[in-house]
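Encoded as structure tokens, the structure appears first; notes follow it.
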Amino acid sequence: MTNTAAIRYRMHESIEGWDLGSYAGSVGRRVRRLESDEFVERLWERDASLWISDPGIQSMIAGALGWLSVGTEMVSRVAELDSFAAEVQADGTTDVVHMGMGGSSLAPLVLGRAFGAQDGWPRLHVLDTTDPATVLGLDEALDPDRSLFIEASKSGTTAEPLAFGAYFYDRLTSALGSGGGRHMVTITDPGSPLIGESEARGFRRIVLNFADIGGRFSALSFFGLLPARLVGIDVGDLLHRANAMATACREPGVAGNPGVMLGAALGELALQGRDKLTLVTPPSIATFGMWLEQLIAESTGKEGKGVLPIAGESLGAPSAYGDDRVFVALDSDEGTDADAEARLAALVAAGHPLIRLSVGSPADMGAEFFRWEIATATIGAVLGINPFDQPNVQQSKDITNRLLAAVRETGTLPPSEPTGGSGVLSFYGHDGAEAGVRALDALLDTVAAGDYVALQAYLTESDAVDAALGSIRLRLRDGLGVATTVGYGPRFLHSTGQFHKGGPDSGVFLQLTVDDVRDVAIPGQPYSFGDLKQAQALGDLEALWQGDRRALRIHLGPDTGAGLAALSDLVQAYLDTRPDV
């Protein structure tokens, strides 16, 4: 991307060109305040006092700002990436499997789906679930001798990639003998315990990332770019566009700064009650919303504050939305269909703020990664929180570890009894919650304006399950007039999971679990992938209850499709009789 294109970012988008309605004045004042505080200049000087006054926390923040310059650093590593990619391609590799969680996996997922398969290059698979059917399905689809596996973990201690790595290393050595390690690569930070383990296993390559970059800000580092390059994506072009965006985001002032301006608007709108960032994306980059969920929700959802991205929710009529929404439309070369344009126009006419951003093609994802990282840092400053930590994520991990310790001691997870049920569905409520068939109705009775309903699906991801969950979420949105989200577990634990427990107490959570028809052991552990997934679900549910969040576990039984159909019927029956519908 040329400097001319960088200027385009500044000239094409401006506050005056956005439909902010009655909020234009407050956003304008916020922009002027940031300008008077010299926010842009201090951001690039890495002044941690922009976010927090505590010197100890400032020290932590100062050590987490490497993402500001990683694009420039990675340009010098493109030749290295090109060389390794050519080597892997020459080996006849047909499949690259990237195994990580949250920030270490979602950027490759976005890039892989946005660009699609590249002729003559391996296919990209991203494994970020402990669902045993998914692990087994991937294993059965691959030829070990023509596959390369990337174990990606910043800390080297994250449970999921460690389990993935153990499983596929075991499979490779079983199939290929001592040379199995040559089909594995590690991406981790300096000092990580994965380094020694990977060396001992004879991994083909150990790639050290940058210690001063947090996982969710790592899209333009090795975590995002190595898997992309191995499947034929031009990461040099991605970086060129990202660095053009960085140049535009470094310009003094705010009103023409594409990242800071966006963050200023979203942060101010959140303070005004518009804290549900509803994304409208073209099909080719639909998964970009998943990356934004982990970036923004995990960064801002703390101290009872935050901005909640709403991704994948089809546009509805203005009557379906409360006054807690801000819409962000990403305009691409594909164009926006006439129906979507008509719906956006109706939303603006109804007083909902709309921000439009230009995303020319999938190649502009590099620029968008950087724009939104700058915006997220700015939102944190506006809200007065530290956007670079994730204090509530560890809470669920600790409970999960306690449950897994019980498996080591007794051979099974602690038993739990349902508090009610309906047909094939079993309900598990918190102490004092409504029992019996009324459990779901009682939970939905608590939904009020400004809330959101989150479907937490510990299920095997598929088109059919996507469609069923999408239908249920739209029924809830249209029937209750609140925002809805869908997240597959355990993926969302490393993204919106922080917001669920640390953000505003406006969430109503329906955790969906199912009997695993297929399961498989994790080498070196006394528990299976199914046990790990169940422990993660139970751990997160307990963490929600500890925080007095409104949550209900709904077990769908052995048949996911039948269970979701039964849940859909119960939701519709509730909506049909709700007095204020």
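Here, each number is a calculation from the coordinates, and none is a lab measurement. Worth saying up front: this structure is predicted, and the values here are computed from it rather than measured. Cβ placement follows ideal geometry from the backbone for every residue including glycine, while neighbour counts extend to all protein chains displayed.
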- Message: Let's see if you can work this out: charge +1 on each Lys and Arg Cβ, -1 on each Asp and Glu Cβ, no other charges. What is the dipole magnitude of region 393-577 about its Cα centre, in debye to the nearest 20?
- Response: 380 debye
- Message: Ratio of alpha-carbon Rg to the 2.2 N^0.38 Å globular estimate for the chain, to two decimals, please.
- Response: 0.94
- Item | Neighbourhood charge, 13 Å Cβ-Cβ cut-off, centred on Asp143 and excluding it, Lys, Arg +1 and Asp, Glu -1 | -2
- Query: Which peptide among 50-62, 221-233 comes first, and what is the full order, when sorted by highest mean count of other Cβ atoms within 10 Å?
  - Reply: 221-233, 50-62
- Note on the structure: If Glu45, Glu73 are placed from fewest to most neighbouring beta carbons inside 10 Å, the sequence is Glu45, Glu73
- Name the residue farthest towards the positive end of the dipole of the chain from the options Gly481, Trp372, Val254, assuming +1 on Cβ of Lys and Arg, -1 on Cβ of Asp and Glu, about the Cα centre. Val254
- Query: Within the set Lys397/Lys501; Lys154/Lys397; Lys397/Lys533; Lys154/Lys533, which residue pairs have Cα atoms separated by over 18 Å?
  - Reply: Lys154/Lys533
- Percent relative contact order of region 70-233, based on C-alpha pairs within less than 8 angstrom and at least six residues apart? 31 percent
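Compute the signed sum of charges (Lys and Arg +1, Asp and Glu -1) over the other residues within less than 14 Å, Cβ to Cβ, of Met290. Provide the component values of the computation, followed by the final result.
Working: positive: Arg113, Arg216, Arg491; negative: Asp128, Glu293, Glu298, Glu313, Glu368, Glu461, Asp466.
Cβ neighbours under 14 Å give a net charge of -4.
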- Three-way shape label, region 70-233, alpha-carbon gyration tensor, a/c 1.5: rounded
- Largest-first principal axis extents, alpha carbons of region 393-577, Å: 50, 33, 31
- One-quarter of the Cα convex hull surface for region 34-114, in nm²? 8.3 nm²
- Message: How high is the relative contact order of region 393-577? Use alpha-carbon pairs under 8 Å, at least six apart in sequence, and give a whole percent.
- Response: 32 percent
- If you take the charge dipole of region 151-219 about its Cα centre, with +1 on Lys and Arg Cβ and -1 on Asp and Glu Cβ, which of Ala163, Ser178, Gly215 is farthest toward its positive end? Ser178
- Item | the chain: relative contact order in percent, alpha carbon pairs under 8 Å with at least 6 residues between | 17 percent
